[in-house]
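*Asks:* I'd like to ask you about the structure that follows.
Each reported figure results from applying straightforward, stated rules to the coordinates on display, with no laboratory input. Predicted model only: the values in this text are computed from it and were never measured. Using ideal geometry, Cβ is built from the backbone for each residue, glycine included, and neighbour counts are taken over all protein chains shown.
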2 protein chains.
Amino acid sequence: MQKIEHGFVMTGAKPNKNAMAANAGDTATGLDAMLCFAIYGAAHAFTRAYKPLLEPLGLTYPQYLVMMALWTEDGQKVKTLGDRLGLDSGTLSPLLKRLEQSGLVKRKRDAEDERQVKITLTPQGLDLKERSSGVMAEIGKATGCNLEEAVALREALVGLKDRLEGAESE
Amino acid sequence: MQKIEHGFVMTGAKPNKNAMAANAGDTATGLDAMLCFAIYGAAHAFTRAYKPLLEPLGLTYPQYLVMMALWTEDGQKVKTLGDRLGLDSGTLSPLLKRLEQSGLVKRKRDAEDERQVKITLTPQGLDLKERSSGVMAEIGKATGCNLEEAVALREALVGLKDRLEGAESE
DNA sequence: CGCAATTCAATTGCGTGCAATAGATTTATG
DNA sequence: CATAAATCTATTGCACGCAATTGAATTGCG
């Protein structure tokens, strides 16, 4: 199996902690490149890892994320889902339409506020939660992380995200 | 400014190291969900952070990655670029066509092996390297990572990716 | 040599992501 | 009350990302 190389941008500047420490303070040399490549690759790897597991369920990865959000709290507004997943209506509207066509959710405008659309799970949508229980276990195994690693990694990523989002004015 | 929440899937199971350690070994409870949400969010945050910086250069984020690959080594084959970036021809072909239309690269079939297409930088494509030097510095600042963090995070991500890619047979 | 298998780039089709816009509804303001 | 501003969903257009297919070129094997 052909393995994808990583760190190729750093020809002559390997991602070695000691080597990097030599020119500390020089964050522009490729460090950010290393990070952005790594995140880019890891995110796609995650998507690819989930794909064969989700296929039998008839879900794509983003659809799975939406379903997880609904399993956690049913009847959310499109807006709420968008905020939580970081997606806008341009992405969610067609995605939810597909989930509705698959018979997993229903969309209905809120009688109180006709602007909003509430997304509720159908019985099949709820069933899918049980049927998807193996997915998380599989991925958990595939990541091969112990708890310490996973928690640390998650916190680092969330922190990174927050800093990236908060730095737009500077 | 509305901040996007994170960790919402873990209602009642906060990403707290002590809390999680209580049910160690139970990787299916949401740990993988935490990770996949975090990576998903961080990857998009990166893309969004790069966007305003790359816009003046007329590049999208994936196009920027391709250009970086070419700045590191000019004249690469489409296949090589695909391997290094983890993209296939279905993604690269149209992307490279756009870069060619922008006047940044040229595509020419290899005379030795007519199957292959070599991508070479135009003078403008090379110029862009200098003009984009500020981008890396800006992102480096925006991430707000010190070297230790960045290197550790990168290695964790690469390791995660490798494990995810290597676990398909199991 | 001749033909099948392989390799490589391009194309097609579908599903995101996201900016920009439109349309409808609610809220705020005079 | 009327009108402007804000809110929310849907649509459009463009650019990925990837599976599947096509078509051309090369390699391998008898």
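*Asks:* Can you compute the FRET efficiency between A:Glu73 and A:Gln101 using 1/(1 + (r/R0)^6), with r the Cβ-Cβ distance and R0 = 22 Å? Round to the nearest 0.05.
*Replies:* Calculated transfer efficiency: 0.45.
*Asks:* Just going by the charge dipole of region B:58-143, with Lys and Arg at +1 and Asp and Glu at -1 on Cβ, which of B:Gln124, B:Gly103, B:Val78 is farthest out on the positive end?
*Replies:* B:Gly103
*Asks:* Quick one: label points 7 angstrom along Cα→Cβ at A:Ser89, distances to the other copies in nm, smallest first?
*Replies:* So the distances to the same position in the other copies read 4.1 nm.
*Asks:* I would also like to ask the following. Near the amide H of A:Gln116, under 5 Å away, which other amide H atoms are found, from residues 5 or more places off or on another chain, if H is placed in the peptide plane?
*Replies:* Under 5 Å from the amide H of A:Gln116 lie the amide H atoms of A:Asp110, each far enough along the sequence or on another chain.
*Asks:* Measuring nothing but label to label, 7 Å from Cα along Cα→Cβ, what are B:Glu130's distances to the other copies in nm, shortest first?
*Replies:* 6.7
*Asks:* How far is A:Ser102 from the same spot in each other copy, in nm, shortest first, if each label point sits 7 Å from Cα toward Cβ?
*Replies:* 3.4
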